[in-house]
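Structure provided below as structure tokens; questions to follow.
Please treat every number below as a calculation from the coordinates, not as lab data. Note that the structure is predicted; figures quoted are calculated from it, not measured. Note that we place each Cβ from the backbone using ideal geometry, even for glycine, and neighbour counts take in every protein chain shown.
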Amino acid sequence: MTQQALADAVGVTRQTIVAMETGTYTPSLALAIRIARVFDCKVEDVFELNE
Amino acid sequence: LFSHIEAKAMNPVQKVAWTELIVSVLAIVLVATLYPWLGSSALGGFALLGLLGITPLFLRRRGNQVVRDERDAQIERIASWFGFGTAYLLLMLSMVAITLFYSQHQRDVPTSLLSVLLWSQFAFCYALKGATALLQYRGNNSAA
């Protein structure tokens, strides 16, 4: 799946997907859940919390 | 310049930020350049700031394209707070300094000086807002 396809699927711009991949943007809970739904998995499978 | 901008595939909010920065800096430079010759008439150069009125055109919806998402909103919020906050702070400090200076010399503050101050703070505010937004977008355009 391309960044643009994922961006279109969850309703954000491609730059936001890039920012999340590079760790410069932390998505809202709603966006994190939408992304997890696209990949049909749990939020914690897509994102991890660096403490 | 335009091919460079196009190659980076900016989103609409980035275009707004670039417009704010370029127009504000151009207005400040124009007024500063004309002021020695025209005096307070050079303040007419701030009319360039009227071009900021075109920025909503960048934000109009085109088909299913996402115009502004949650990250853009966050960036805009931070940029606005920084731009307006800094400009307001500088305006107040400048007014205090000017008032102190002229009261020490037993003179009235010239109204032309207040006009210069107000217009430049307005331009400065939008320049800072645009620059802050662009700094936050920096480095997130590549395909990664």
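Step by step: first the residues of the range A:1-32, then only those that are more than 7 Å from every other protein chain (Cβ to nearest Cβ) and β-branched (Val, Ile, Thr), then the one that is nearest to the chain's Cα centre (by Cα). Which residue is that?
Among residues in the range A:1-32 that are more than 7 Å from every other protein chain (Cβ to nearest Cβ) and β-branched (Val, Ile, Thr), the one nearest to the chain's Cα centre (by Cα) is A:ILE17.
Here's another thing I want to ask about it. With the condition kept exactly as written, say whether any residue in the range B:68-90 is of a type outside the set (Asp, Glu), part of a loop (DSSP other than H, G, I, E, B) and within 14 Å of chain A (Cβ to nearest Cβ). So that I can check it myself, show each step before the final result.
Filtering the range B:68-90 for residues of a type outside the set (Asp, Glu) gives B:68, B:71, B:73-75, B:77-90.
Okay, now just the ones that are also part of a loop (DSSP other than H, G, I, E, B), so B:68.
Then drop every residue that is not within 14 Å of chain A (Cβ to nearest Cβ), which leaves B:68.
Checking the range B:68-90: at least one residue is of a type outside the set (Asp, Glu), part of a loop (DSSP other than H, G, I, E, B) and within 14 Å of chain A (Cβ to nearest Cβ).
Looking at the range A:36-51 only, could you name the residues that are more than 19 Å from A:ASP8 (Cα to Cα) and in a helix (DSSP H, G or I)?
Answer for the range A:36-51, where residues must be more than 19 Å from A:ASP8 (Cα to Cα) and in a helix (DSSP H, G or I): A:GLU44, A:ASP45.
Determine whether the range B:95-115 contains at least one residue that is surrounded by fewer than 11 Cβ atoms within 10 Å (Cβ to Cβ), within 30 Å of A:VAL18 (Cβ to Cβ) and of a type in the set (Lys, Arg). Reasoning before the result, please.
Step one: of the range B:95-115, the residues surrounded by fewer than 11 Cβ atoms within 10 Å (Cβ to Cβ) are B:96-97, B:100, B:104-108, B:111.
This time we only want the ones that are within 30 Å of A:VAL18 (Cβ to Cβ), so: none.
No, because not a single residue in the range B:95-115 is surrounded by fewer than 11 Cβ atoms within 10 Å (Cβ to Cβ), within 30 Å of A:VAL18 (Cβ to Cβ) and of a type in the set (Lys, Arg).
Another question, if that's okay. Can you pull out every residue in the range B:108-117 that is farther than 15 Å from B:LEU48 by Cα and either assigned to a helix (DSSP H, G or I) or in contact with a His (Cβ under 7 Å, 6 or more places away or on another chain) (or both)? Even if it seems obvious, please write down each step before you answer.
First pass over the range B:108-117, keeping only residues farther than 15 Å from B:LEU48 by Cα: B:108-115, B:117.
The answer is B:THR111, B:SER112, B:LEU113, B:LEU114, B:SER115, B:LEU117.
Is it fair to say B:PHE124 is among the aromatic types (Phe, Trp, Tyr) and buried (at least 17 other Cβ atoms within 10 Å of the Cβ)? Give the steps one after another, and end with the answer.
Details: among the aromatic types (Phe, Trp, Tyr): yes; buried (at least 17 other Cβ atoms within 10 Å of the Cβ): yes.
When the stated conditions are applied, B:PHE124 passes them.
Inspect all residues belonging to the range A:33-51 and state whether any of them is in contact with an Asp or Glu (Cβ under 8 Å, 6 or more places away or on another chain), facing chain B (nearest Cβ under 8 Å), surrounded by 14 or more Cβ atoms within 10 Å (Cβ to Cβ) and within 19 Å of B:ARG71 (Cα to Cα). Step through it out loud before you land on a result.
Of the residues in the range A:33-51, the ones in contact with an Asp or Glu (Cβ under 8 Å, 6 or more places away or on another chain) are A:36, A:39.
Imposing the further condition that a residue be facing chain B (nearest Cβ under 8 Å) reduces the set to none.
No: the range A:33-51 contains no residue that is in contact with an Asp or Glu (Cβ under 8 Å, 6 or more places away or on another chain), facing chain B (nearest Cβ under 8 Å), surrounded by 14 or more Cβ atoms within 10 Å (Cβ to Cβ) and within 19 Å of B:ARG71 (Cα to Cα).
I would also like to ask the following. So, B:ALA127, is that one closer than 30 Å to A:MET20 by Cβ and not charged (D, E, K, R) or not?
Judged against the criteria, B:ALA127 is a match.
Just one of the numbered conditions (1) surrounded by 12 or more Cβ atoms within 10 Å (Cβ to Cβ); (2) of a type in the set (Lys, Arg); (3) away from chain A (no Cβ under 14 Å) is not true of B:ARG60; which one?
(1)
Looking only at the range B:121-139, decide whether some residue is within 14 Å of another protein chain (Cβ to nearest Cβ) and outside any helix (DSSP H, G or I).
Quick first cut of the range B:121-139, residues within 14 Å of another protein chain (Cβ to nearest Cβ) only: B:133-139.
Still in the list and also outside any helix (DSSP H, G or I): B:138-139.
So far as the range B:121-139 goes, yes, one or more of its residues are within 14 Å of another protein chain (Cβ to nearest Cβ) and outside any helix (DSSP H, G or I).
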